[in-house]
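Here the structure is laid out as structure tokens; the discussion comes afterwards.
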Amino acid sequence: MNEIRLLFRKDIFILINNIKLILRNPLRLLPYAGILAYIFFMYYLRLKGRGDDAPAQEMPELDLNGLPEVNFAMQNIIGGVTILALGLLIYQLFSATKKNVSFFKMADVNLLFTAPVKPENILIYYMARSILPSLGGAIIFVIYGASQAIDTFEMTVANFIFLILAFALFFFIVSPIKFLVYTLNTKYDVMEYIRTGVIVLAVLLVGIIVIPGLMAEKFWQGMFAWITSPWFDFFPLVGWSRGIASFLVHGNAIISIGFILLYGVSYFVILKLVIRFAGYYYEDVLEATKSNEEKLEKVKGKKQVGESSYSLNTKKKLALPDFGTGAKAFYWRNYVHSSRQDFHPLFGLYSLIMVGIGIVLAVLSLFEWFSHYFLYGYLLIMLFLYFFAGIGRANVGDLKKPFFILVPATWAAKFWNMIKLDILQISLFCVALIVPSVLIAGLNWFIVPLFLFATIEVYLIGFGINIIPQIALDEGWDRKLIKPFMIGGIVLFGFVPAFAFSIVAFIVSKQFVWALFGGTFGMFFVAAILMHVTLDVLKRLEFKEI
């Protein structure tokens, strides 16, 4: 007990020192003050208009049997949120079979692991302390979400507390479970059994959605029938959190507290199992701790993590063709990196999965289980993902390295070969997704070229947002300040007009193809301007480290 008290005192001193650092430079609080101001402003607007816009109380419509009709809109909202939580849970469980989770930092490894403290006490303390980030994230998320929904729900103190606990406990309990999975594998080599169990669980959950959907008159009306029913609240973790959050509707504190107690019992059992089977876990968490530290340093800009850090098979034997010399070396470099990441450098596993989802939606819309709008929404989600894929392009740091500047080729050739593989991957993905989808669902064939052009455009826009501050500005703080302004300006003066043009085209024509044409046409000018600026900035590169 004294050892845990000492660990607690250590964290208190760290907290005090961080507060002192903030007080020495209060400007660090300006972004947080801006977020709080926005949230309070939204509260003010919602509360101001709630009295005027409050809908009159109406009796629910009755069907022929005298029973209330099912509110499919609310069922789909609850079902969609539940599906997201289940997907996150399955992903976390499956990732636990790939790598360990760590509650520590390298400072803990270097100091605490060598201190005369029982390993069990260190693990108990740090595992319990891991609820703080989950609790903080849940508080921010619930406060922001409540600012958007306060005109719909009565947000009392009890509602806030139960909503925060619902989110915090779910995200908190995942890490101890992942640690337990890896611990059991270290001791008993049961990883294949656990991985098989996770896959079976995923298949069963898919069946829970597909079976009632097939039994219903329309697939979308029945797909969430089971997972939105009250009995699903007893499903571990996801259902428990939903049961806690349901206090917002039924107001019964006993039910929600009961689900909180289930979390408490589960954590106690997990903790007991971890302490029993972990033993001297120091060696097991060293690799995960080091990996987390490298990622953190990369985010802070202190260290460039090698390309192999996120590759699936760095020791894969490659037999690559001769791509040539000059600027083609950059295409070769990206080709090698992509070859080590997936089973094929041009079309990988994730692309295959996303194409499969699109084709399934097209088939379901053909049999009228889904409306075509679900497929259209999926295509828009793909555009959104590729925009952020462009923003997240990782290897732009090579642009200021000597080997990039000294290659004997034009700047346009260097830039083209740097993004050539990305364009090829995007083109193959779009063709594989949109051609079968349009053919199966019977959509307008003009969607095929429009979706291809739109995807490339949004990727280039995101890439331009990422690359221009990186190579044009030398100071890290300048890049951090300029990029948000660039994103805001492009959204305000680029995306918003294109989106407005799309809405007008859709209202006039009532067809998605014209809405997509409007957005593609508007984003073309944004992409062209950013690419022109990028080429202009490239020509001014110097021998500097980013």
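Residue count for the stretch 95-107 under the criterion of being surrounded by 16 or more Cβ atoms within 10 Å (Cβ to Cβ) and more than 21 Å from PRO133 (Cα to Cα): the result is 1. Summed over the stretch 536-546, residues that are modelled with pLDDT of 75 or more and out of contact with any helix residue (DSSP H, G or I) (no Cβ under 6 Å at 6 or more places or on another chain) total 1. Could you please find all residues in the stretch 220-251 being of a type in the set (S, T, N, Q) and either assigned to a helix (DSSP H, G or I) or not assigned by the TED database to the domain that holds LEU135 (or both)? The answer is GLN221, SER241. Is it fair to say MET215 is surrounded by fewer than 14 Cβ atoms within 10 Å (Cβ to Cβ) and under 21 Å from GLY80 (Cβ atoms)? So MET215 passes the test.
Is it the case that the stretch 188-199 has a residue that's more than 18 Å from ILE90 (Cβ to Cβ) and open to solvent by 50 Å² or more (accessible area, probe 1.4 Å)? Show your work before the answer.
Of all residues in the stretch 188-199, those more than 18 Å from ILE90 (Cβ to Cβ) come to 188-190.
Still in the running and open to solvent by 50 Å² or more (accessible area, probe 1.4 Å): 188-189.
Yes, the stretch 188-199 contains a residue that is more than 18 Å from ILE90 (Cβ to Cβ) and open to solvent by 50 Å² or more (accessible area, probe 1.4 Å).
So if I check each of ASN110, ASN121, which one is over 29 Å from THR196 (Cα atoms) and loosely packed, with under 15 Cβ neighbours inside 10 Å? Even if it seems obvious, please write down each step before you answer.
On the way: ASN121 fails: loosely packed, with under 15 Cβ neighbours inside 10 Å.
After applying the criteria, what remains is ASN110.
With the condition kept exactly as written, say whether any residue in the stretch 126-134 is modelled with pLDDT of 70 or more and under 29 Å from PHE224 (Cα atoms). Write out each step before concluding.
Restricting attention to the stretch 126-134, the residues satisfying the condition of being modelled with pLDDT of 70 or more are 126-134.
Now drop any that are not under 29 Å from PHE224 (Cα atoms), which leaves 134.
For the stretch 126-134, residues modelled with pLDDT of 70 or more and under 29 Å from PHE224 (Cα atoms): present.
Applying the criterion of at least 2 residues that are at pLDDT 80 or above, closer than 18 Å to PHE347 by Cα and open to solvent by less than 40 Å² (accessible area, probe 1.4 Å) to the helices (runs of 4 or more DSSP H) found wholly in the stretch 403-502 leaves 411-441, 447-472.
Select, from LEU352, LEU375, LEU379, the only residue that is open to solvent by 80 Å² or more (accessible area, probe 1.4 Å), among the aliphatic types (A, V, I, L, M), part of a helix (DSSP H, G or I) and modelled with pLDDT of 80 or more.
Working: LEU375 fails: open to solvent by 80 Å² or more (accessible area, probe 1.4 Å); LEU379 fails: open to solvent by 80 Å² or more (accessible area, probe 1.4 Å).
Within the list LEU352, LEU375, LEU379, the selection yields LEU352.
For GLU217, the test of being of a type in the set (Asp, Glu), not in a helix (DSSP H, G or I) and not assigned by the TED database to the domain that holds ALA362 is passed.
Can you confirm whether the stretch 156-175 contains a residue that is surrounded by 16 or more Cβ atoms within 10 Å (Cβ to Cβ) and at pLDDT below 80?
Here is the first cut: in the stretch 156-175, the ones surrounded by 16 or more Cβ atoms within 10 Å (Cβ to Cβ) are 159, 162-175.
Applying the additional criterion that residues be at pLDDT below 80 yields none.
No: zero hits.
Restricting attention to the stretch 200-212, the residues that are crowded, with 16+ Cβ neighbours inside 10 Å and under 28 Å from VAL101 (Cβ atoms) total 3.
The values are calculated or read from the model by the stated rules, or taken from the named source; none is laboratory data. These numbers were taken from a predicted model, which means no experiment stands behind them. Reconstructed Cβ throughout: ideal geometry from the backbone, glycine too, with neighbour counts over all protein chains shown. What goes into the accessible areas is simple: the full protein's heavy atoms, side chains included, and nothing from ligands, DNA or RNA. Shrake-Rupley method; radii C 1.70, N 1.55, O 1.52, S 1.80 Å.
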